[in-house]
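Below: one structure, written as structure tokens.
The values are calculated or read from the model by the stated rules, or taken from the named source; none is laboratory data. Note that the coordinates shown come from a computational prediction; the quantities given were computed from them, not determined experimentally. Positions of Cβ are generated from backbone atoms using ideal geometry, with glycine treated the same way; all protein chains shown enter the neighbour counts. Calculation scope for accessible area: heavy atoms of the full protein, side chains included, ligands and nucleic acids excluded. Shrake-Rupley method; radii C 1.70, N 1.55, O 1.52, S 1.80 Å.
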Amino acid sequence: MSHKTLLIVGTAKVVETGKIHYNLTLYGQSNEDKRMIYIRQVKPIVKCYPEMIDFCKNVYSSYFNTDLFNIVTLEQLTLL
């Protein structure tokens with residue numbers, strides 16, 4: 001069974017244009033490394049929450065060189 005966990009920590013702010021500005025730190029865990037390790041900090045500007053999740057999953061997938069299937073996400077977000 002594949003273990004792919006993505007932890008998303010950060011803030012979100014809705015601006016006048018209706019976009020959401022996120023300031024996020026991404027951590028990940030995979031079969032090769034069971035520890036939760038730092039991936040990178042990102043600041044996506046998106047239209048909705050699912051778009052932010054897709055963006056973060058793509059960063060995870062690129063970092064661990066894996067597919068997008070079965071990535072479990074855990075989020076700790078603060079709305080500013």
How about region 51-66: which of its residues are under 18 Å from Met36 (Cα atoms) and either polar (S, T, N, Q) or in contact with a Pro (Cβ under 6 Å, 6 or more places away or on another chain) (or both)? Asn58, Ser61, Ser62, Asn65, Thr66
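Name the single residue that is modelled with the lowest pLDDT among those in region 1-32 being in a loop (DSSP other than H, G, I, E, B) and of a type in the set (A, V, I, L, M, F, W, C).
Looking at the filtered set, the residue picked out is Met1.
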For region 33-53, name all the residues that are open to solvent by less than 50 Å² (accessible area, probe 1.4 Å), farther than 14 Å from Thr11 by Cα and in a strand (DSSP E or B). Ile37, Ile39
Does Phe64 fit the bill of being open to solvent by 30 Å² or more (accessible area, probe 1.4 Å), at pLDDT below 95 and closer than 12 Å to Leu6 by Cα? yes
Using beta carbons and a limit of 6 Å, which pairs, at least six apart or on different chains, have the first residue in region 55-70 and more than 13 Å from Ile8 (Cβ to Cβ) and free of Cβ contacts under 8 Å to residues at least 60 places away in the same chain and the second one open to solvent by 40 Å² or more (accessible area, probe 1.4 Å) and among the aliphatic types (A, V, I, L, M)? Ser61/Leu68
Looking at region 16-32, which of the residues that are open to solvent by less than 40 Å² (accessible area, probe 1.4 Å) and over 10 Å from the mean Cα position of the chain (by Cα) is nearest to Thr73 (Cα to Cα)? Ser30
Which residues, taken from region 67-80, are under 23 Å from Lys34 (Cβ atoms), in contact with a Lys or Arg (Cβ under 7 Å, 6 or more places away or on another chain) and open to solvent by 50 Å² or more (accessible area, probe 1.4 Å)? Leu68, Asn70, Val72
Identify, by number, the condition in (1) more than 17 Å from Leu68 (Cα to Cα); (2) of a type in the set (A, V, I, L, M, F, W, C); (3) open to solvent by less than 40 Å² (accessible area, probe 1.4 Å); (4) within 13 Å of the chain's Cα centre (by Cα) that Val9 doesn't meet. (3)
Looking at Gln76, Gln29, can you tell me which residue is in contact with a strand residue (DSSP E or B) (Cβ under 7 Å, 6 or more places away or on another chain) and more than 12 Å from His3 (Cβ to Cβ)? Gln76
